[in-house]
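The values are calculated or read from the model by the stated rules, or taken from the named source; none is laboratory data. On a predicted model such as this, the values are computed, not experimentally measured, just so you know. Note that each Cβ is placed from the backbone with ideal geometry, even for glycine, and that neighbours are counted across all protein chains shown. Side chains included, ligands, DNA and RNA excluded: accessible areas come from the protein's heavy atoms. Shrake-Rupley method; radii C 1.70, N 1.55, O 1.52, S 1.80 Å.
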Amino acid sequence: MKKIQCVVTAKDTGYRLSYLDNIIDQSENDKNSNNVNLIINPKEKKQKVIGFGGAFTEASAVALAGVDNSLKSQAIKAYFDPKEGIAYNLCRTPIGASDFSQHIYSYDDTENDIELIDFSVRDDSDTIIPMIHRAMQLQNNLFIYATPWSPPAWMKTNRMMTNGGKLREEFRSVYAKYLVRFIDEYKKNGIDLWGLSIQNEPVEIQEWPSCCYSAKEEADFIKNYLIPELEKYKRRDLKILLWDCNKDILYNRIQEEMSILQDNKSIFSVAFHWYSGDYFEELDALHEEYPKLELISTESCVPFCLDIKKWDVAEKYAHEIIGDFNHWTNGYIDWNLFLDEKGGPNLANNYCLSPIILDRDHNELIYLPAYFYIGHFSKFIERDAVVLGRRIVGDIESCAFIQSNGEIVVVIMNKYQCENVISFHIDGEKEFYKIRLLPHSIVTLLINKEF
C-alpha cells in the first residue's frame with residue numbers, strides 16, 4: 001500500500017495549498033468510475049524538469065520597496081522559501097529597461113561608445129540586484145537567465161530603444177561585448193547567470209523597448225558574434241535561449257535558426273510565451289525534430305483588472321503549465337514576481353496582474369489565486385523530476401512526475417462548477433484510488449513508496 005498526501009486549493013473555500021485526507025479512497029479491485037479514469041505510467045519517462053519561477057523586473061523591485069521591511073521579507077519568502085513559500089528556483093531578469101521599468105535606460109547610453117567605457121549596471125544596483133540577493137538567500141540553487149528588450153538606442157537603426165528597429169550591422173560585435181559585459185558585471189555582484197537570450201519578442205514592434213530580428217539575423221548574431229565573445233570569457237557553459245516569443249510560429253522559426261546553429265557546440269534551449277494561445281502541437285513538432293533542445297515557457301501574464309482575484313486566471317495558468325509539461329516543456333517562468341495595487345509601475349501603461357500584488361496604500365500583501373495554482377507545481381515538483389506518460393478519459397486536466405527518490409507527483413485540475421469524482425491507478429499496480437475533486441479546484445497528489 002502507498003501513502004498518499006493530498007494538497008488542495010479550491011474556490012469558495014479556505015483551502016489554499018491545504019493538506020486534506022478526506023478526498024481520496026483506496027481499494028485493490030474497484031476499477032469502476034462514473035466519470036474520469038486516469039492511468040499513470042511510471043515506465044514511460046519523458047523529459048526532465050528544470051524548475052519554476054518568475055521574473056525579477058524593476059517594477060517588482062519598486063513595488064517591493066513600497067511596503068515595510070516585514071512585508072518585504074514575507075513577500076520574498078512567499079516565492080523562494082522551500083518550506084514557507086512555493087520554492088521558485090528558475091527565474092528571468094531583463095537586461096536594461098523593459099515595459100515594466102520606471103524609465104527607459106540601457107547600461108551604456110553614451111553615443112558611439114564602442115569601447116563601452118561608460119558601461120555600468122548602476123540602474124539595477126538599488127532595485128533588481130538587491131531583490132535577487134534576497135531570493136538567493138532563501139534559494140541556494142537559483143537558475144537565472146537574462147534577456148534584453150532593446151540594445152542601446154545608438155546601436156539601432158531607428159536610433160531609439162522603443163518602437164522596434166534593428167541592431168545596426170556595424171555594432172553587432174560591440175553589442176555582443178555589451179551582453180557579455182552584463183553577464184560579467186552581474187557576476188561581480190554575486191549573481192552568476194545560468195542563461196541568456198538575445199531578444200525578448202524579436203518580431204514585435206512595441207511602444208516600449210523592443211528590437212526586431214529575423215530568424216537568420218538572430219542565428220547569425222549568436223553564431224558569429226555572441227558565441228565567440230562568450231568563448232573569450234570562457235562562458236561556453238552559458239545556456240543560450242532562442243526565440244523568447246509566442247508559440248504560434250515556434251516550429252518554423254526554430255527550424256530556420258537551427259539550420260544555422262545545429263553544428264555548434266553551444267547549449268541551446270528554446271524560450272516561448274503563451275500570448276498566441278495553446279499551440280501545444282508546436283512543442284511536439286519541435287521536440288520530435290530536435291529532441292535535445294530544452295523547452296522553457298518564459299513569460300505569462302494577464303492584463304490588470306479591478307477584480308484581481310478572478311479564479312479563471314488561476315485556471316488559465318494551470319492549463320498552460322499542464323499542457324506545456326505534457327508536451328515536452330522542461331521549465332516554467334511567470335512574468336513579474338510582484339506588482340503594485342495598480343498593476344505597475346509600467347512605462348507604457350501596459351498594466352498587468354502578478355500572482356502577488358503589493359498594496360502600498362494599505363501596506364498589504366495580496367495573494368491572487370494564480371499564486372496558489374502555480375504553487376501546486378513549483379512547491380512539490382523538484383528540479384530533475386521526470387515527466388511521466390499518462391492516459392486520461394474525460395474532461396479533467398492532469399500531469400504526472402516522478403522524483404529522484406521515487407515519489408510520484410500528480411497534479412489534477414477541475415475547472416468546472418460541479419464536484420467530480422475520478423478514479424486513477426498507477427499502471428501495473430493493483431490499487432485503484434478515487435479522488436473527490438471540489439468545484440474549481442486543483443489537487444496535487446504526493447504518492448510515496450509502499451510502506
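In percent, what relative contact order does the range 260-394 have, based on Cα pairs under 8 Å that are 6 or more apart in sequence? Working shown, then result.
On the way: 168 pairs, mean separation 30.6, N = 135.
With pairs under 8 Å counted, the relative contact order is 23 percent.
For the chain, give the percent of accessible area contributed by carbon and sulfur heavy atoms, probe 1.4 Å, rounded to a whole number.
Values: 8290 of 17960 Å².
Carbon and sulfur: 46 percent of the exposed surface of the chain.
May I ask you to derive the FRET efficiency for residue 117 and residue 22 from their Cβ-Cβ distance with R0 = 56 Å, giving the value to the nearest 0.05?
That pair, residue 117 with residue 22, gives E of 0.25.
In the range 197-243, if the dipole is taken from +1 on Lys/Arg beta carbons and -1 on Asp/Glu beta carbons about the Cα centre, which of 242, 226, 198 is farthest to the positive end?
The residue sitting farthest along the positive end of the dipole is 226.
If you roll a 1.4 Å probe over the heavy atoms of the protein chains, what accessible area per residue do you get for the range 257-413, in Å²?
Using a 1.4 Å probe on heavy atoms only, each residue of the range 257-413 averages 36 Å².
With the Cα gyration tensor of the range 145-298 in hand, convert its eigenvalues to equivalent ellipsoid semi-axes via √(5λ) and list them largest first in whole Å. Numbers along the way, then the final one.
Details: eigenvalues 107, 76, 42 Å².
Result for the range 145-298: semi-axes of 23, 19, 14 Å.
So what are the ³J(HN,Hα) numbers for the range 266-274, from phi and the Karplus equation (6.51, -1.76, 1.60; θ = phi - 60°), rounded to whole Hz, Gly and Pro as x?
The phi angles translate into 5, 9, 10, 10, 10, 9, 8, 10, 9 Hz.
Can you give me the accessible area per residue for the range 125-181, using a 1.4 Å probe, in Å²?
Averaged over the residues of the range 125-181, the accessible area is 38 Å².
Net charge around residue 134, counting only other residues with Cβ within less than 10 Å of its Cβ (Lys, Arg = +1; Asp, Glu = -1)?
In short, +2.
Inverting the mean 1/r over all pairs of different Cα atoms, compute the Kirkwood radius of the chain and quote it in Å.
Values: mean 1/r = 0.0440 Å⁻¹.
After inverting the pairwise mean of 1/r, the radius is 22.7 Å.
Under the Karplus relation 6.51 cos²θ - 1.76 cosθ + 1.60, θ = phi - 60°, what is the ordered set of whole-Hz ³J(HN,Hα) values for the range 409-417, x standing for Gly and Pro?
Calculated HN-Hα couplings, in order: 10, 10, 10, 10, 10, 10, 9, 10, 6 Hz.
Given the convex hull over the Cα atoms of the range 45-204, what projected area results after averaging over all orientations, in nm²? List each step's numbers first, then the result.
On the way: hull surface 44.0 nm².
Directional mean of the projected Cα hull area for the range 45-204 stands at 11.0 nm².
Roughly how many debye, to the nearest 20, is the charge dipole of the chain about its Cα centre, given +1 on each Lys and Arg Cβ, -1 on each Asp and Glu Cβ, and no other charges?
The calculated dipole for the chain is roughly 1080 debye.
Taking only DSSP H segments of four or more residues, each worth -39500 (n - 2.57), what value at 222 nm results for the chain once the sum is divided by all its residues, to the nearest 500 deg cm²/dmol? Write down the numbers at each step before the final one.
Values: 11 runs with 112 residues, N = 451.
Value at 222 nm, helices only: -7500 deg cm²/dmol.
What is the extension gain from residue 430 to residue 233, computed as 0.36 nm multiplied by their sequence separation minus the C-alpha to C-alpha distance, in nm to one decimal?
In short, 65.3 nm is gained.
Hey, what did the chain get for relative contact order, percent, Cα under 8 Å, at least 6 apart?
Relative contact order here is 26 percent.
Going through the cross-link list 188/239; 48/216; 72/309; 166/188; 309/379; 77/309, which pairs have a Cα-Cα distance over 27 Å in this structure?
Where the Cα-Cα span goes over 27 Å, the pairs concerned are 48/216; 166/188.
Whole Å is fine, so just give me how far the alpha carbon centre of the range 408-451 lies from that of the range 191-227.
Each part reduced to its Cα centre gives a spacing of 42 Å.
Once amide H atoms are built 1.01 Å from N in the peptide plane, which residues 5 or more positions from residue 437, or in another chain, come under 5 Å H to H?
Placed amide hydrogens put 420, 421, 422 under 5 Å from residue 437.
Viscosity 1.567 mPa s, temperature 4 °C: Stokes-Einstein D of the range 1-139 from its Kirkwood Cα radius, in µm² per second?
Numbers: Rh = 19.7 Å.
Approximately 66 µm²/s, per Stokes-Einstein.
Can you give the relative contact order of the range 155-205 as a percent, counting alpha carbon pairs under 8 Å and 6+ residues apart? Intermediate values should be presented prior to the final figure.
Working: 25 pairs, mean separation 14.8, N = 51.
That works out to 29 percent.
Which of the lysines could a cross-linker bridge to residue 46, judged by Cα under 17 Å and excluding same-chain residues fewer than eight apart?
The qualifying lysines are 292.
How large is ³J(HN,Hα) for each residue in the range 231-236, as worked out from phi by the Karplus curve 6.51 cos²θ - 1.76 cosθ + 1.60 (θ = phi - 60°), to whole Hz, x for Gly and Pro?
The phi angles translate into 5, 4, 8, 6, 10, 5 Hz.
Long-range amide H contacts for residue 360: which residues qualify at under 5 Å (H placed 1.01 Å from N, peptide plane, sequence gap of 5 or more or a different chain)?
341
What Kirkwood Rh does the range 37-102 have if only Cα atoms enter the pairwise 1/r average? Answer in Å.
14.6 Å
So which of 2/430; 43/316; 187/234 end up more than 22 Å apart, counting from Cα to Cα? Walk me through the intermediate numbers first.
Details: 2/430 11 Å; 43/316 30 Å; 187/234 13 Å.
Where the Cα-Cα span goes over 22 Å, the pairs concerned are 43/316.
For the range 115-190 and the range 49-95, what is the centre-to-centre distance using only Cα atoms, to the nearest Å?
Here the answer is 20 Å between Cα centres.
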